[in-house]
Amino acid sequence: MGQAATLPCRRGGSYVMELHEWYRKFIIECPSGLITLHEFQKHFCNGTGGSESAEYAEQIFRTLDNNEDGVVDFREYVMAISMLVEGSAVEKLRWSFKLYDKDRDGAITREEMREIMQAVNKMGLAADLTKPNPLTAEECTNRIFLRLDKDNNAVISLEEFIEGALDDDWMREMLACDPNTVRVERPAGKDPALGTHG
């Protein structure tokens, strides 16, 4: 489904050299060393369907902003990149859970799931990132809740989320983050020697 933004792909070589390259790209796009929501949406939306992805970009930004200070610094950025590129399936699903759990209360409601599904669907179609899903956001949400809400309490816990996604290929594809799905183009006027992310 593609739930990632501004995530450069690993290209071999040493991790330290890749980390340096990620830092260089981050500093060129964000000279202050920090990225605000507005800047993140600008860079994210350039490569992923314009204004259709703004809502989804906002939720990704909030998930990246671990300390909830309203900016993403390089440490938060690289921790997410490293985990999404190199992390285990469980680590990736934990990060995805935070993306869906918009109010950060430790449980995903139907409304939270539906809102993210709608945002992802709009963004994916606008950017031609995914083939059209035959299910609506509402149908996807119902299917996910039917499979994951094992205790029928109308919310999905972290444990239900991870266990269900690990046991079901369709569920894992719908819920897990894939850093290779979204390619964010570098805004005009940046150093052309750096190329694009992706």
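Shown is the FRET efficiency for residue 23 and residue 105, computed with R0 = 41 Å from the Cβ-Cβ distance and rounded to the nearest 0.05: 0.75. Averaged over residues, the count of other Cβ atoms within 10 Å places the peptides 31-40, 88-97 in the sequence 88-97, 31-40, highest first.
When you count the other C-beta atoms within 10 angstrom of each residue and take the mean per peptide, 64-72, 158-166 line up highest first as 158-166, 64-72.
Accessible surface ranking for 167, 101, 1.4 angstrom probe, highest first: 167, 101. With the simple model of a label 7 Å out from the Cα in the direction of the Cβ, residue 142 to residue 166 spans 3.0 nm. Counted residue by residue at 0.36 nm each, then reduced by the alpha carbon distance between them, the extension gain from residue 153 to residue 86 reaches 20.8 nm. Coupling constants for the range 151-168 follow from the phi torsions by the Karplus curve (6.51 cos²θ - 1.76 cosθ + 1.60, θ = phi - 60°), and in residue order they are 8, 6, 9, 6, 9, 10, 7, 4, 5, 4, 4, 5, 4, x, 5, 5, 8, 9 Hz; glycine and proline get x.
The values are calculated or read from the model by the stated rules, or taken from the named source; none is laboratory data. None of the values given here were measured: they were computed from a predicted structure. Cβ: placed from backbone, ideal geometry, glycine included. Neighbour counts: every protein chain shown. Remember, those area values only see protein heavy atoms, side chains included, never the ligands or the DNA or RNA. Shrake-Rupley method; radii C 1.70, N 1.55, O 1.52, S 1.80 Å.
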